[in-house]
Structure formats: structure tokens, C-alpha cells
Amino acid sequence: MDRRKALVVGSGIAGLSTALRLVRRGYEVEIVEKNSRAGGRMNIIEKDGFTFDTGPTFFSMSYEFAELAADINKELPFELRELDPLYTVWYDEPGKRYTVYKDLEKLAKEFEKVEPAFREKMEAYLKSTGRLYYDTESLIIKNNFDSMMHYVSTLFKVPVVHLPKLFRTFWKEVSRYFESDDVREILSLVSFFLGGTPFDTPSVFTMLSFTEFVHDGYYNVNGGMYKIVEGFVKMLEANGVKIHYGNEIVNIETNGMGLQSLVDQNNKRWASDIFVVNSDAALFRGKVLKRKKYTEEKLDRKKWTMAPFTVYLGIDQKLPELKMHNYFLRGNFKEYSDKIYKNQASLEQAYYYVNVVSRLNRDAAPEGKESVFILCPVPDLRYKSDWSDREKIADAIIADLSRRTGYDLSDKIISKTILSPIDWRDTFNLHRGSGLGLGHNMMQMGYLRPSNRDEKFENLFYTGSSTLPGTGIPMAIISSKLVTERIEKQYGLILTDLH
């Protein structure tokens with residue numbers, strides 16, 4: 001077999017993972033990237049002597065990285081660090097907080113006052129979510145679908161005991177096992193990782209509770225999350241893969257039979273045998289390919305994940321009271337969840353997440369100081385287009401954080417960076433600033449998500465959050481595996497050893 005060339009568009013985790021898999025299979029690989037640094041949303045900000053992870057700060061399902069390492073026959077170029085405790089949840093009521101442990105004995109002690117027999121209930125809940133995980137993982141999550149019939153026939157293979165979960169929300173499923181709103185809210189926080197709320201996320205995603213507490217837990221990376229990107233890039237460069245930065249694909253060239261080349265903003269043509277797009281699979285089809293099914297108007301009708309509003313702070317003191325991962329909630333969980341998506345809730349009384357980056361990565365802040373990352377899920381640009389109030393919102397969150405933790409941060413901030421949904425949209429080509437791409441409902445799962453194989457060009461493929469199987473770091477790794485299977489099936493392979 002002649003050595004074929006593959007061009008990967010975008011260097012997010014899915015793009016880098018796909019490139020590694022294709023190099024292992026004997027393909028000549030080249031990458032074009034819009035920005036000046038690889039990683040996509042998994043990136044870093046370096047400012048005023050501080051370093052911040054821009055996006056993901058921890059992940060579950062670390063075994064997907066192990067699968068990738070086995071597939072390319074190389075050790076992972078970074079060190080994982082398991083988290084336990086997982087995170088701390090702070091309520092608005094003074095002194096009310098819970099530390100969430102992977103250890104069920106410790107977790108039960110946290111909730112013993114609000115949820116009698118918590119351990120027994122939790123074991124029943126995890127047993128149910130575990131069955132769901134094992135009964136659907138290989139069938140639905142890790143499967144390519146070639147037709148609607150294929151998808152439907154596969155769904156029929158899922159044991160009928162799970163059928164009711166298709167019609168319940170995450171919240172309703174959790175509520176079947178627990179009576180305390182505190183417990184329900186905390187166990188439902190994982191649905192926010194999918195860019196939604198517990199009240200609009202299907203209960204099939206309660207399987208994430210199983211991966212959260214039993215099957216794997218949560219992990220970080222020694223030295224910061226960007227070590228994943230740096231490690232992958234070094235491996236690719238060692239194997240002759242060039243990453244061309246500052247090149248945004250805006251058009252295509254075709255001879256009517258297939259895709260010949262992609263065209264960047266400088267009118268440079270990038271020819272290849274195979275093309276893999278790690279840009280948003282729905283947005284690329286509309287913006288670059290001009291597909292009628294994916295016009296801006298039609299994209300707006302789809303369910304998108306919430307947008308990120310992020311604040312990066314360099315603090316001139318240590319913050320020992322804050323844990324590494326923290327969620328700050330209030331007493332209006334249902335009301336806030338129902339209103340936040342469409343900009344009907346006050347962002348000056350927001351729910352938010354805080355990561356003390358320098359707690360694990362000591363090099364992220366100078367001695368005696370802290371590097372702090374704040375993430376607030378907010379309405380995308382369809383519902384809130386004006387972000388001239390970004391400073392006001394950020395200051396309100398910082399004031400709330402100061403009040404709840406007892407630290408007066410107002411005169412301790414020596415570095416501050418704010419990214420609104422507009423910044424996220426423009427930097428990473430995210431539709432309306434949606435942080436994690438297309439949302440997850442029954443009409444946007446499996447075969448009903450944009451395919452990882454193009455409808456028209458047989459040599460064009462997609463990987464990443466808005467195609468199969470969905471959003472998140474482990475899903476990006478799985479996505480790279482699924483698209484590689486497509487390419488291998490169509491074009492073959494010659495296994496080679498990576499350097």
C-alpha cells in the first residue's frame with residue numbers, strides 16, 4: 001500500500017490523538033492549527049508570573065488514555081495523579097459545605113445528617129449506573145453507526161431494564177434513590193460537565209456517576225493539564241509530524257469526485273489524500289462547506305451546551321481554606337438551573353467552579369501566591385450577546401468568593417484575565433460561544449449527532465466534541481479511536497513503531 005497523507009485540521013485533544021493513531025498506522029500526517037499554540041480549549045494562559053489551565057482542570061475515565069497508549073504502543077508522556085477527595089461543594093448558608101470523596105465510607109459521613117442510610121442508597125444507585133455503563137459502553141459510546149437502521153437496531157440490544165432512563169432526566173433518576181436535595185444536587189453536578197443541567201440532561205448519563213465514584217475516579221496531571229498537549233506534540237514532532245500554526249481553514253477545493261484541498265485565510269492550499277477536521281463538526285459543515293442543513297439559522301435551533309465565562313486570578317497570598325476543586329452553589333438550585341440557559345438568572349448571583357491551580361502545580365504561581373481559575377457556565381450568545389458587563393460580573397463573583405471563604409481578595413489580586421463567551425467563540429471557533437459544542441439530548445446522541453464521516457466527500461472525516469460520541473476529554477479520546485477505525489476500514493494500514 002502506498003503511504004497516504006492525512007491532514008488534521010485543529011490540534012485539540014481529539015485531533016492530536018487521531019494524528020498519533022494515524023502515524024502508528026503508517027500514514028503521513030500534517031496538522032494545521034488556527035492559533036499560535038496547540039491544544040484547542042485545553043490550553044494555558046501565562047501572565048504576570050502565573051500559569052492557568054484555560055479549560056479542563058480534571059477528567060475521569062483515565063483508562064481511555066491507557067487505551068490510546070496501548071494502541072500507539074508508547075507510554076503516556078505525562079504523569080496522572082488521582083484525586084481523592086474529588087471536590088468540595090460550598091453552599092451560601094454559612095458553614096455549610098460538603099467534601100466529596102471517592103471513598104464511600106468517608107462520603108457517607110459527609111451526608112449522614114441529611115440522608116439517612118446514605119451508603120446503602122448510594123450502593124444501589126451505583127449498582128444501577130454500573131449496569132447501565134457496562135450495557136451501553138461498547139454498544140453506544142464506542143460504536144460507529146452507518147445508518148439510522150443500524151443505530152435503532154443497536155439500541156434494541158440494550159437490555160430493556162434501561163428503557164425508562166431514555167425518558168427521565170438526570171435529576172429524576174437521582175431522585176429515585178435520594179431524598180435530600182443536597183445529595184441530589186451534588187450527585188447531579190456531573191451533568192454540568194456535559195454543558196447542560198440535571199433537568200435537561202437525559203438520565204442515561206447517570207452512568208458518569210459510576211465512572212466518577214467506582215470505575216475510575218477523577219485525575220489531574222502533574223505539572224498541569226497542558227502537559228498532555230505538550231507530551232502529544234513532542235511525540236508527533238519526533239515522528240516527523242509538522243504543526244502549522246496561524247492557519248485557519250475557510251474554504252475547500254474539489255474536483256467533483258472528492259475533496260482535493262483545504263484553503264486557509266491566506267488562500268494557501270493544503271492538499272491531502274485524507275482530511276480529518278477537529279474543528280466543530282457542525283459549525284465546519286455550515287461555515288466552511290456551506291451545507292444547507294448547517295446554516296447559522298439551523299444551527300441556532302439545535303441544543304448547544306452552555307458558554308464559559310472564565311476568570312483567571314493571580315492572588316498575592318496563599319488560600320489554604322480553598323480546596324483544589326470547589327463548587328459554589330446557592331439555595332435555589334432548580335430555579336437557577338431552569339433560568340440560566342436562556343439568561344433569565346442573575347449572573348451577579350451565579351453558580352461557579354473554582355480551581356486552585358497552584359495547589360497541585362506549584363510552578364503555576366510564585367512562592368507564597370496562588371493561581372486561581374474560576375469558571376461560570378453562562379448563556380451562549382443567542383441569549384446574551386452583550387458582555388460589556390463582564391467586569392461587573394467577574395467582580396460580583398470575586399466578592400461572593402471572598403465572603404464565603406473569609407478571604408478578602410479585593411486588594412490581593414495582582415493579575416486578572418477575563419474571557420467572555422465572545423472570546424471563546426472567536427478564539428476557538430465555537431458556535432455562539434458554546435463551550436462544549438452540541439448538547440446531549442435524545443435527538444443529538446449516537447447516529448443523530450453529526451457523523452464523523454462526511455456525507456458527500458468520502459475522504460473527509462470529523463473528530464471532537466460535536467460528533468461521536470460527545471463532549472469531554474475521554475470522549476475526545478474515544479472520538480479519535482472511532483474516526484481512525486473509519487479511516488483504517490476505508491484505506492487500510494501498515495503498522496509502524498513510533499519514535
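The values are calculated or read from the model by the stated rules, or taken from the named source; none is laboratory data. The shown structure was predicted, so the numbers you read here are calculated from the model rather than taken from an experiment. Cβ coordinates were reconstructed from backbone atoms using ideal geometry, including for glycine residues, and neighbour counts include every protein chain displayed.
Do you know which of the residues in region 159-173 that are of a type in the set (K, R) and either on the phi > 0 side of the Ramachandran plot or part of a helix (DSSP H, G or I) (or both) is modelled with the lowest pLDDT?
Taking the candidates together, the pick is K165.
Among helices (runs of 4 or more DSSP H) lying entirely in region 94-158, which contain 3 or more residues that are out of contact with any strand residue (DSSP E or B) (no Cβ under 7 Å at 6 or more places or on another chain), of a type in the set (K, R) and surrounded by 12 or more Cβ atoms within 10 Å (Cβ to Cβ)?
Once the helices (runs of 4 or more DSSP H) in region 94-158 are filtered for at least 3 residues that are out of contact with any strand residue (DSSP E or B) (no Cβ under 7 Å at 6 or more places or on another chain), of a type in the set (K, R) and surrounded by 12 or more Cβ atoms within 10 Å (Cβ to Cβ), what remains is 118-136.
Each row is one residue, and each column tells you yes or no for (1) buried (at least 17 other Cβ atoms within 10 Å of the Cβ); (2) of a type in the set (A, V, I, L, M, F, W, C).
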position: D48; (1), (2): no, no
position: F52; (1), (2): yes, yes
position: S60; (1), (2): yes, no
position: A69; (1), (2): no, yes
position: I72; (1), (2): yes, yes
position: E75; (1), (2): no, no
position: F78; (1), (2): yes, yes
position: Y91; (1), (2): yes, no
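Residue-by-condition table, conditions (1) over 29 Å from L430 (Cβ atoms); (2) among the β-branched types (V, I, T); (3) at pLDDT 95 or above:
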{"position": "R41", "(1), (2), (3)": "no, no, yes"}
{"position": "E46", "(1), (2), (3)": "no, no, yes"}
{"position": "T51", "(1), (2), (3)": "no, yes, yes"}
{"position": "G55", "(1), (2), (3)": "no, no, no"}
{"position": "E75", "(1), (2), (3)": "yes, no, yes"}
{"position": "E79", "(1), (2), (3)": "yes, no, yes"}
{"position": "T99", "(1), (2), (3)": "yes, yes, yes"}
{"position": "E110", "(1), (2), (3)": "yes, no, yes"}
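Considering region 285-303 alone, what residues qualify as being buried (at least 19 other Cβ atoms within 10 Å of the Cβ) and within 22 Å of Y383 (Cα to Cα)?
Correct list: G286, K287, Y294, L299.
How many residues, within region 437-465, are closer than 16 Å to N144 by Cβ, touching a strand residue (DSSP E or B) at 6+ places or on another chain (Cβ under 9 Å) and not aliphatic (A, V, I, L, M)?
11
In this structure, is G314 more than 23 Å from G12 (Cα to Cα), of a type outside the set (V, I, T), touching a residue at least 60 places away in the same chain (Cβ under 8 Å) and surrounded by 22 or more Cβ atoms within 10 Å (Cβ to Cβ)?
Criteria met by G314.
With the structure loaded, tell me whether P450 is buried (at least 21 other Cβ atoms within 10 Å of the Cβ) and over 16 Å from the mean Cα position of the chain (by Cα) or whether it fails that test.
Yes: the conditions hold for P450.
Checking R37 against (1) assigned by TED's automatic domain parsing to the domain that holds Q260; (2) crowded, with 20+ Cβ neighbours inside 10 Å: exactly one of these is not met. Which one?
Here R37 clears every test but (2).
Does region 398-412 hold any residues that are surrounded by fewer than 15 Cβ atoms within 10 Å (Cβ to Cβ) and of a type in the set (A, V, I, L, M, F, W, C), and which are they?
Scanning region 398-412 gives a single hit, A399.
Could we say that K287 is farther than 30 Å from F461 by Cβ, of a type in the set (D, E, K, R) and out of contact with any His (no Cβ under 8 Å at 6 or more places or on another chain) here? Let's see the steps before the verdict.
Details: farther than 30 Å from F461 by Cβ: no; of a type in the set (D, E, K, R): yes; out of contact with any His (no Cβ under 8 Å at 6 or more places or on another chain): yes.
In short, no.
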